[in-house]
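Asks: Have a look at this one.
Values in this text are rule-based calculations from the coordinates and carry no lab data. This structure is a prediction, so every number in the text was calculated from the model and none was measured. When we count neighbours, we look across all protein chains shown, and the Cβ atoms used for this are built from the backbone with ideal geometry, even at glycine.
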Amino acid sequence: MKKTLVALAAIASVSAFAQTTVSITGNLDIAGARFGGTMSGNKGTTLTAGNGTASTSAINFTATEDIGGGNKITAFYGLDPRTFSNDGTGSTNVVASTTTGANAVTVTGIGRHEVYVQASGDFGSLKLGSPNAMSLDANGVGNPLGTGIGSGWSVNSNTLVGRSASARYNRSARFDSPVMNGLSAHFLFAPGGDQAAIDIGDSYGAMVIPNARRTTEVALRYSNGPVNLVAVNIRGSAMTNATGYYSITSDTATTYAMAATNYNTVAANYKLGDTTIYTQMGSGGSINSVSLAAALASDKLSRYAVKHTMGPVDLSVVYTKVMTAKLGTAGTVNQIATGFNGTYNLSKTSAVYLGYEKYDSGTVGVATNTTSGTRTITSLGLRKSF
């Protein structure tokens with residue numbers, strides 16, 4: 001009898017922990033891509049898991065525990081395996097090799113993706129960590145290509161849509177309200193940690209709070225039947241120290257300190273049978289590149305897209321334009337990205353696709369310029385989710 005009671009107690013103890021469920025999901029997208037155009041350093045053919053692919057590659061670990069009363073606690077950790085080779089310079093999300101230049105070795109890198117701990121229930125959900133931003137959600141509503149080839153999300157560093165919107169913020173909190181009659185409210189706050197510009201030398205312990213801009217995002221979303229609509233306001237605080245995340249790195253911090261910014265965007269899509277029509281508009285200061293020394297008067301976004309489904313085939317066309325007006329500068333700069341994607345769905349979780357993107361910076365580049373002029377990408381890829 002005593003042995004039976006001990007065994008029952010052990011079973012009860014195990015069942016208490018069995019309420020936590022763990023799952024592994026993900027997506028891997030690799031394409032053969034050919035780069036062209038007038039931009040130097042953007043030509044040639046390669047095999048890529050980054051620029052030129054149609055979707056984001058990720059490996060996601062999710063652990064969820066039911067704590068009763070309809071409430072749950074979830075831990076989510078995403079890994080980004082897209083960058084799988086390195087030239088030895090130690091670029092982002094890459095494990096740096098010990099050699100550089102022509103003698104660099106090929107290495108494998110897995111960087112951090114979306115990471116958060118979440119409390120959810122009838123009250124909605126609260127995520128702490130680095131959850132996806134509402135500006136990324138808006139891009140998904142107004143763009144059938146997401147952040148992939150042809151989408152115009154950020155075809156070059158700090159250009160086009162990526163100037164005024166971020167995929168996520170380090171050290172942020174996001175609240176999502178319950179959905180009522182298709183309507184929901186969302187709020188994100190990244191407290192930042194602006195500090196005076198100091199020379200810390202090799203003593204990294206002096207930077208106890210990582211330097212970053214304080215940013216808030218507020219959004220309203222409506223989804224009902226064929227209609228999806230989202231409006232987002234993004235505000236970035238002024239920043240005295242130009243070094244750190246979401247800011248311009250410079251030796252003269254006071255010259256390139258960050259100005260306060262305010263950006264609004266509205267995105268929508270409407271489904272008509274097998275065809276979905278998309279649009280997105282935006283206007284305001286560029287959160288990722290505005291400085292006190294050279295502030296942008298405005299960034300104005302306009303996007304139009306259509307997606308048509310024919311059995312297993314999806315065809316999408318996207319046109320994105322960002323008009324930038326600078327203070328003290330006559331005229332404007334028009335950046336334009338046009339994209340096409342044709343996808344053949346082999347199953348619910350795998351597909352082969354043909355993608356095309358043309359980006360025009362609106363400025364004429366010189367022989368050594370990698371950001372001005374035009375750039376084209378043509379890719380043939382295969383993706384598999386699980």
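Asks: Can you pull the one-decimal nm distance between simple spin-label points at Ala63 and Lys271, each 7 Å off the Cα toward Cβ?
Replies: Roughly 3.6 nm, to one decimal.
Asks: For each of Asp360, Asp299, count neighbouring Cβ atoms within 10 Å of the residue's Cβ, then give the residues from fewest to most.
Replies: Fewest-to-most ranking of Asp360, Asp299: Asp360, Asp299.
Asks: Give the long-range amide H neighbours of Gly192: residues separated by 5 or more places, or on another chain, with amide H under 5 Å away, using H modelled in the peptide plane at 1.01 Å from N.
Replies: For Gly192, the qualifying residues are Thr215.
Asks: Residue-wise, which Karplus ³J(HN,Hα) couplings in Hz belong to the stretch 52-65, taking 6.51 cos²θ - 1.76 cosθ + 1.60, θ = phi - 60°, and x for glycine or proline?
Replies: For the stretch 52-65, the Karplus-derived couplings read x, 8, 9, 8, 8, 7, 7, 10, 10, 10, 10, 10, 10, 10 Hz, x marking Gly and Pro.
Asks: Would you tally the net charge around Arg221, using a Cβ to Cβ cut-off of less than 10 Å, leaving Arg221 out, and scoring K and R as +1, D and E as -1?
Replies: It works out to a net charge of -2.
Asks: Moving on. What FRET efficiency would be calculated for the residue pair Ala260, Ser347, taking the C-beta separation as r and a Förster radius of 30 Å, to the nearest 0.05?
Replies: 0.05
Asks: Among 133-143, 262-272, 65-75, 34-44, how do they line up by average Cβ neighbours within 10 Å per residue, starting with the highest?
Replies: Averaged packing, sorted descending, gives the order 133-143, 262-272, 34-44, 65-75.
Asks: Another one. Within the set of other residues whose C-beta is less than 9 Å from the C-beta of Tyr278, count the net charge using Lys and Arg as +1 and Asp and Glu as -1.
Replies: Local charge sum for Tyr278: +2.
Asks: Of Lys43/Lys384; Lys127/Lys384; Lys72/Lys384; Lys43/Lys307; Lys271/Lys321; Lys72/Lys127, which sit over 18 Å apart, Cα to Cα?
Replies: Lys43/Lys384; Lys127/Lys384; Lys72/Lys384; Lys43/Lys307; Lys271/Lys321
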